[in-house]
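Where a number appears in this text, it was derived from the coordinates with a stated rule and is not lab data. This is a predicted model, so every value here is computed, not measured. Every residue, glycine as well, gets a Cβ built from its backbone with ideal geometry; the counts of neighbours run over all protein chains shown.
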Amino acid sequence: MGAPTGERYWTIKARDARRITAAEMKFMRRTAGYTWTDYKTNKQITKELKITPILDKLQEYKRNWIQHVNRMPRNRLPRVMKQYSPAGGRNHGRRLTFGAGILHLNFSTPVGKMRIIQEPNKVAL
């Protein structure tokens, strides 16, 4: 069974991993005939059913993809992009201000073109 195309580009965050594992274990418990009140650990159920967890499979696909990219010639785009690091940084969030006031939003423009307007007596960082 092959992996979906987007899978190798998907970064799995901790929240995603917990939700995937919970859904998988809910399915496996039902398949094995256990309820959540039966005192069986996830590892016991996984061993009993002889099923490899989805997250392990995803890590295996990712590892295989990285090995595949590493075998490519150095001028191939996937290998070049694997080692790419953008120059500079980017700002996160709203600009900070000195003073007692707060930045005000201008709601007279449409939502898609909302601007932050700064009061003249404040200095932006």
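Working only with C-alpha atoms, what are the Rg and Dmax values of the range 5-82, expressed in angstrom?
17.2, 56
What does the charge count near Gln83 come to, summing +1 for each Lys or Arg and -1 for each Asp or Glu among other residues with Cβ under 13 Å from its Cβ? Intermediate results must be reported in sequence, preceding the final value.
Numbers: positive: Arg74, Arg76, Arg79, Lys82; negative: none.
Result for the local shell: +4.
How far apart, in nm, are two points set 7 Å out from the Cα along the Cα-to-Cβ line at Met72 and at Trp36?
4.3 nm
I'd like the trypsin sites (Lys or Arg not before Pro) in the range 55-89 restricted to DSSP loop residues with at most 13 other Cβ atoms within 10 Å, sorted by number.
Arg74, Arg76
Going through the range 12-45, which chymotrypsin sites (Phe, Trp or Tyr not before Pro) have at most 10 other Cβ atoms within 10 Å and a DSSP loop state?
Trp36, Tyr39
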